[in-house]
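Below: one structure, written as structure tokens.
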Amino acid sequence: MPTVSTAAWRALETGVHGRVLRPDQPGFRASSTPFNTRHAAVEPAAVVGAADVADVRLALAWARDTALPIVARGGGHSYGGYSTGSGLVIDLSALDEVSVDASTGRVTIEGGVRTAGVYAALEPHGIAFPLGNGASVGVTGLALGGGTAATSRAFGLTADTMVSTTLLTADGQLLTCDATQNADLFWACRGGGGGNFGINVSTTFQAAPVPDVATFLLLWERAAAPKVLEVMQEVQRRAPREFSARLGVAATAGSDPVVSAVGLHLGPASDLRELLDPVLAVARPVRADIADRTFWQAQSYLLHDTSAEAFAVKTSFVRDPLPADAIELLLSAVDHWPAGTNPDGGGFALFAYGGAVNDVAPADTAYVHREGLFLLSMDTSWTAGDDPATVGAGLRWLAGLREAMTPYVTGGAYQNFIDPDLPDWRTAYYGANYPRLVEIKNRVDPDRVFTFPQAIGT
């Protein structure tokens with residue numbers, strides 16, 4: 001790490017409108033610690049709390065002059081801890097303005113806006129675009145890596161609704177990227193992942209009017225899992241694109257695994273019950289909540305943030321319903337999860353895919369995963385109180401499960417659930433689109449100012 005002079009630090013502090021925080025100052029940890037505390041040991045040299053785009057630009061130029069590595073932080077939710085680093089972190093959280101043009105449905109957000117802020121701005125206008133279920137997740141980062149949501153089968157990925165983005169490049173240019181200006185960069189920003197090509201300080205999305213909807217939450221005991229997963233996969237396969245389910249089985253320390261199905265239907269609860277009848281007929285849930293809601297009530301109902309502390313996730317995609325032997329493999333793994341003390345526990349989930357997501361050709365955006373029925377996510381978690389043997393056992397359990405599932409999945413991986421332990425990440429995240437992404441990276445950031453262990457071109 002290069003040594004930075006006192007005079008250089010003073011120049012940064014007096015040059016920005018926001019605040020520069022060093023490790024010994026109040027607020028430093030809150031603005032630099034990643035959401036996934038597995039990576040909390042990484043400590044930056046400083047954090048610039050940018051007050052405006054001018055601050056972002058100045059901080060970038062300063063970091064280049066001092067040769068300090070640079071990272072932009074939006075929501076801080078990078079699963080791999082890539083929203084922090086050992087150099088200078090530019091915290092965008094104060095760039096939180098949301099502008100809505102109700103006449104066109106265009107929604108423009110600044111780089112630090114989070115999901116809850118977007119929903120609050122959109123509700124008065126009765127319009128929305130696909131967003132995830134984490135209230136504190138940065139929306140720009142979500143879109144850059146694709147962005148799947150309960151409404152994605154009907155309306156596409158978050159990235160698919162992107163109309164334009166303003167990108168601050170490594171050489172300090174502010175570029176408007178859309179279908180006609182800097183079109184290659186626009187292509188790359190729809191699925192090429194955050195932190196690769198510059199700092200997206202503003203992004204515009206196309207929203208659409210939203211209807212009243214129905215939600216469901218169904219819970220079963222572990223014994224019902226084989227039949228529930230078999231039937232619910234078929235329910236999802238046959239369902240219209242207005243229906244989306246997340247199926248899961250999770251274990252926590254000291255408790256039996258729980259089977260769940262939760263989701264959304266862009267229609268009345270009466271139609272939703274009809275869609276769910278096959279699974280309700282084969283296994284009686286211990287809890288069943290099926291209800292009509294406004295779209296906004298549904299978003300609040302479905303909002304979920306992963307518990308604090310440490311976790312690891314591996315993903316892939318499933319083209320067709322998993323056969324009985326694959327289901328048994330997953331269930332056996334959950335039964336033998338090496339229990340940690342994090343309340344999120346360990347297990348797997350199948351997120352409904354397809355519909356509008358698959359309407360887009362794999363090469364039309366950087367997001368290549370345009371086939372399949374489900375996104376499969378497998379995870380383990382722990383706390384600082386768990387001993388190293390427990391943590392290591394959980395990580396080996398997760399790696400073994402991913403390996404065992406190889407015959408049943410596509411081999412791809414979801415770049416927004418970025419996995420720092422994934423060896424074949426270039427192909428898994430980007431597939432055939434990776435060479436074009438490297439070409440764009442070489443043109444816009446030849447000096448690799450924006451870099452991290454799984455950055456494009458590394």
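The values are calculated or read from the model by the stated rules, or taken from the named source; none is laboratory data. In this text, all values refer to a predicted model and were calculated from it rather than measured experimentally. Cβ coordinates were reconstructed from backbone atoms using ideal geometry, including for glycine residues, and neighbour counts include every protein chain displayed.
Taken over segment 37-82, residues that are in contact with a strand residue (DSSP E or B) (Cβ under 9 Å, 6 or more places away or on another chain), under 19 Å from residue 20 (Cβ atoms) and of a type outside the set (Asp, Glu) amount to 26.
Just one of (1) out of contact with any Pro (no Cβ under 9 Å at 6 or more places or on another chain); (2) more than 30 Å from residue 296 (Cα to Cα) fails for residue 43. It is (1).
Total residues in segment 416-451 satisfying the condition of being assigned to a loop (DSSP other than H, G, I, E, B) and either under 20 Å from the mean Cα position of the chain (by Cα) or on the phi < 0 side of the Ramachandran plot (or both): the figure is 13.
In summary, residue 176 fulfils each of the numbered conditions (1) part of a strand (DSSP E or B); (2) surrounded by fewer than 19 Cβ atoms within 10 Å (Cβ to Cβ); (3) touching a helix residue (DSSP H, G or I) at 6+ places or on another chain (Cβ under 8 Å) with the single exception of condition (3).
Residues in segment 295-303: is at least one in the same structural domain as residue 244 (by TED's automatic domain parsing), modelled with pLDDT under 95, out of contact with any helix residue (DSSP H, G or I) (no Cβ under 7 Å at 6 or more places or on another chain) and aromatic (Phe, Trp, Tyr)? The answer is yes, given that some residue of segment 295-303 is in the same structural domain as residue 244 (by TED's automatic domain parsing), modelled with pLDDT under 95, out of contact with any helix residue (DSSP H, G or I) (no Cβ under 7 Å at 6 or more places or on another chain) and aromatic (Phe, Trp, Tyr).
Restricting attention to segment 271-291, the residues being closer than 18 Å to residue 240 by Cα and surrounded by 16 or more Cβ atoms within 10 Å (Cβ to Cβ) number 5. Within the set 255, 260, the sole residue that is assigned to a loop (DSSP other than H, G, I, E, B), of a type in the set (Ser, Thr, Tyr) and either more than 21 Å from residue 130 (Cα to Cα) or over 25 Å from the mean Cα position of the chain (by Cα) (or both) turns out to be 255.
This table checks each residue for (1) without any contact (Cβ under 8 Å) to a residue 24 or more places away in the chain; (2) over 26 Å from residue 31 (Cβ atoms); (3) assigned to a loop (DSSP other than H, G, I, E, B); (4) out of contact with any helix residue (DSSP H, G or I) (no Cβ under 7 Å at 6 or more places or on another chain).
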{"position": "120", "(1), (2), (3), (4)": "yes, no, no, yes"}
{"position": "134", "(1), (2), (3), (4)": "no, no, yes, no"}
{"position": "143", "(1), (2), (3), (4)": "no, no, no, no"}
{"position": "147", "(1), (2), (3), (4)": "no, no, yes, no"}
{"position": "157", "(1), (2), (3), (4)": "no, yes, yes, no"}
{"position": "165", "(1), (2), (3), (4)": "no, no, no, no"}
{"position": "181", "(1), (2), (3), (4)": "yes, yes, yes, yes"}
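Here's a check for you: in segment 307-351, which residue that is surrounded by fewer than 18 Cβ atoms within 10 Å (Cβ to Cβ) and among the hydroxyl-bearing types (Ser, Thr, Tyr) is farthest from residue 420 (Cα to Cα)? Checking each candidate, the answer is 332.
Tallying residues that are within 15 Å of residue 89 (Cβ to Cβ) and either surrounded by 21 or more Cβ atoms within 10 Å (Cβ to Cβ) or touching a residue at least 24 places away in the same chain (Cβ under 8 Å) (or both) within segment 25-39 yields 6. Listed by first and then second residue, the pairs linking a residue in segment 343-362 that is within 25 Å of residue 312 (Cα to Cα) to a residue that is assigned to a loop (DSSP other than H, G, I, E, B) and hydroxyl-bearing (Ser, Thr, Tyr), with Cβ atoms under 7 Å apart and 6 or more places separating them unless they lie on different chains, are 343/252; 343/307; 344/306; 344/307; 345/252; 351/148. Remark: pairs (first residue in segment 276-297, under 14 Å from residue 263 (Cα atoms); second residue loosely packed, with under 14 Cβ neighbours inside 10 Å and among the hydroxyl-bearing types (Ser, Thr, Tyr); Cβ separation under 8 Å; 6+ apart in sequence or on different chains) are absent. Taken together, the residues in segment 128-169 that are surrounded by fewer than 20 Cβ atoms within 10 Å (Cβ to Cβ) and among the aliphatic types (A, V, I, L, M) amount to 2.
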